[in-house]
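**Q** Here it is: the structure, laid out below.
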Amino acid sequence: MYVVESKGGAIACMLLALFFIGTFPALMTLLERRGRLPQHTFLDYAFTNFLTALIIAFTLGQIGKGTAQQPNFLTQLSQDNWPSVLFAMAGGVVLSLGNLLTQYAWPFVGLSVTGVIVSSIIVVIGTTLNYFLDEKINRAEILFPGVGCFLIAVCLASVVHASNAADNKAKLSKHGTRAEGITGSKEIYSDTVGKKDMENGTFSSEKAKAGTAAFLIELEDKRAIKVFGRNTFIGLALTFFAGASFSLFTPAFNLATNDQWDTLKDGVPHLSVYTAFFYFSVSCFVLAIILNVTFLYHPVLNLPKSSLRAYLEDWNGRGWALLAGLLCGFGNGLQFMGGQAAGYAAADSVQALPLVSTFWGIVLFGEYRKSSRRTYMFLGGMLSMFIVAVGLLMGSAGDRK
């Protein structure tokens, strides 16, 4: 079994996890904006996300010869370690719920702000719990100022969201279009790059300029989850519930691998990261399948009904959804490997993933294009707090005895 033992190795795991976990939401958002049903996307994602747990368990979890205190993955499957298994599975349940909620929050709140609010809640609650579960191996004088930076960031994120929503409303109003519906005038198309369809006498937009009213309307027309006319508090409520759910998954995983509450019988070794990650992923996968198959036939947010047959026949964007599951799975695995070595409170530095998500949001989706100076000012402050926070959390890393 491969074990990360050095602080440098742990930080490398966290940085890779940061990139992977920060990138997969962009892929899922891309598919929703192209009109693919979120239920279809999440089912594809769930299969490859679970596949990564199997790959990691049968490779890193089986490397070398196990010992009595550090048995390999297959050996642990037959041991009497069910209390720890249940903690790991509880972590998978709350992670699956959090991922599902954020998938429906992204269209309302945006990739960047959703990530900031969710990550900040995770750090404020989850990191504090992990600090005490890990017997304070992280340096509190560095860790908690980092937590404070995340708390400031979530406040700035709320302001960014409100400011950007006001900017969008002003753009639509300027062009005679109300956010309550797509009722725009022909003036909107001055913000597009396109050509006239001479045969039908209609305007065919090739590409709307990012940040314009035409862009917003074109996006609303194509995307799966319609947001015009919806109360933005729906998205914020989904985001805060997702953050509360996410905040418990690393503490649960911490308890599964370190048994701080002494639930295992004498002589039974702690679950390895790889065994815990396997059980964690099993519960995450099962809940994702149950909920999303249910949503195929009983959709939420006025999405159209689907079916298993329709899902199986939907290959539009399936490759991106499968890749998203792989990135998330390997990202979670790397986060847990780093947390086991340097403390799960420090491993929560991967919650600076909005730095990555914001990059993809701006580059791929044109978020905050043509926004007001006020929005840019708060956006810059939000990202600055995140940069400071991730540095402080990584700097607080300790060495597990």
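The values are calculated or read from the model by the stated rules, or taken from the named source; none is laboratory data. Just so it is clear, the model here is predicted, and its values are computed rather than measured. A quick note on method: Cβ atoms are made from the backbone with ideal geometry, for glycine too, and the neighbour counts reach across all protein chains shown. Heavy atoms of the whole protein, side chains included, go into the accessibility calculation; ligands, DNA and RNA do not. Shrake-Rupley method; radii C 1.70, N 1.55, O 1.52, S 1.80 Å.
**Q** Being β-branched (Val, Ile, Thr) and in a helix (DSSP H, G or I) is the filter; apply it to the stretch 285-302 and report the residue that is most open to solvent (accessible area, probe 1.4 Å).
**A** The residue in question is ILE290.
**Q** Taking the stretch 1-20 as the region of interest, how many residues are open to solvent by 60 Å² or more (accessible area, probe 1.4 Å) and over 21 Å from GLY325 (Cα atoms)?
**A** Selection size over the stretch 1-20: 4.
**Q** Further question on the same structure: I'd like the full set of residues that are in a loop (DSSP other than H, G, I, E, B) and either surrounded by 23 or more Cβ atoms within 10 Å (Cβ to Cβ) or touching a Cys at 6+ places or on another chain (Cβ under 9 Å) (or both), limited to the stretch 244-284.
**A** Selection gives SER247, LEU271, SER272.
**Q** For SER384, which of the numbered conditions (1) over 25 Å from ALA10 (Cα atoms); (2) out of contact with any helix residue (DSSP H, G or I) (no Cβ under 8 Å at 6 or more places or on another chain); (3) modelled with pLDDT of 80 or more fails to hold?
**A** Of everything listed in (1) over 25 Å from ALA10 (Cα atoms); (2) out of contact with any helix residue (DSSP H, G or I) (no Cβ under 8 Å at 6 or more places or on another chain); (3) modelled with pLDDT of 80 or more, SER384 misses just condition (1).
**Q** Filter the stretch 197-226 down to the residues that are assigned to a loop (DSSP other than H, G, I, E, B), at pLDDT below 85, open to solvent by 20 Å² or more (accessible area, probe 1.4 Å) and not small (Gly, Ala, Ser) and list them by number.
**A** Selection gives MET198, GLU199, ASN200, LYS209.
**Q** Follow-up. Just checking, does the stretch 355-374 include any residue being part of a helix (DSSP H, G or I), at pLDDT 85 or above and buried (at least 22 other Cβ atoms within 10 Å of the Cβ)?
**A** No, the stretch 355-374 has no match at all.
**Q** What are the residues in the stretch 303-319 that are surrounded by 16 or more Cβ atoms within 10 Å (Cβ to Cβ) and basic (Lys, Arg), if any?
**A** Listed by number, the list holds a single entry, ARG318.
**Q** For the subset of the stretch 315-336 comprising residues that are among the hydrophobic types (A, V, I, L, M, F, W, C) and closer than 18 Å to VAL123 by Cα, which member is modelled with the lowest pLDDT?
**A** For the stretch 315-336, the residue satisfying everything is PHE336.
**Q** A further question on this structure: Suppose we filter the stretch 260-306 for residues that are more than 26 Å from the chain's Cα centre (by Cα) and not acidic (Asp, Glu); how many remain?
**A** Looking only at that region, the number is 9.
**Q** I've got another one for you. Has the stretch 142-164 got at least one residue that is modelled with pLDDT of 80 or more and among the hydroxyl-bearing types (Ser, Thr, Tyr)?
**A** yes
**Q** Are there any helices (runs of 4 or more DSSP H) wholly within the stretch 29-142 with 2 or more residues that are surrounded by fewer than 20 Cβ atoms within 10 Å (Cβ to Cβ) and out of contact with any Cys (no Cβ under 9 Å at 6 or more places or on another chain), and if so which?
**A** 38-59, 73-76, 82-109, 128-133
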